[in-house]
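Taken together, the values in this text are just the output of simple stated rules run on the coordinates, not laboratory data. Since the structure is predicted, the reported quantities are computational estimates derived from the model, not experimental observations. When we count neighbours, we look across all protein chains shown, and the Cβ atoms used for this are built from the backbone with ideal geometry, even at glycine.
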Amino acid sequence: VPQHTLSFIKACVDARTYPDLFIYPGHKHNVAGKDRIHLYEKITRYLEEELEY
């Protein structure tokens, strides 16, 4: 896990916030293949749960 990610998580813990974070091993910035499907499903679920219709 890149150092920036670890620093971000530490800052969240210090601020008592809870990030919704999912790391896709083997991908850098572009999530591809079956992992991309998972990512879009995760985004959709998040929006459905967090946004009121």
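So which pairs qualify, if the first residue must be in segment 28-53 and over 19 Å from residue 18 (Cβ atoms), the second must be assigned to a helix (DSSP H, G or I) and not hydroxyl-bearing (Ser, Thr, Tyr), the Cβ gap must be under 7 Å, and the two must be at least 6 apart or on different chains?
31/39
Look at segment 27-53 and say how many of its residues are under 20 Å from residue 2 (Cα atoms) and exposed (fewer than 10 other Cβ atoms within 10 Å of the Cβ).
3
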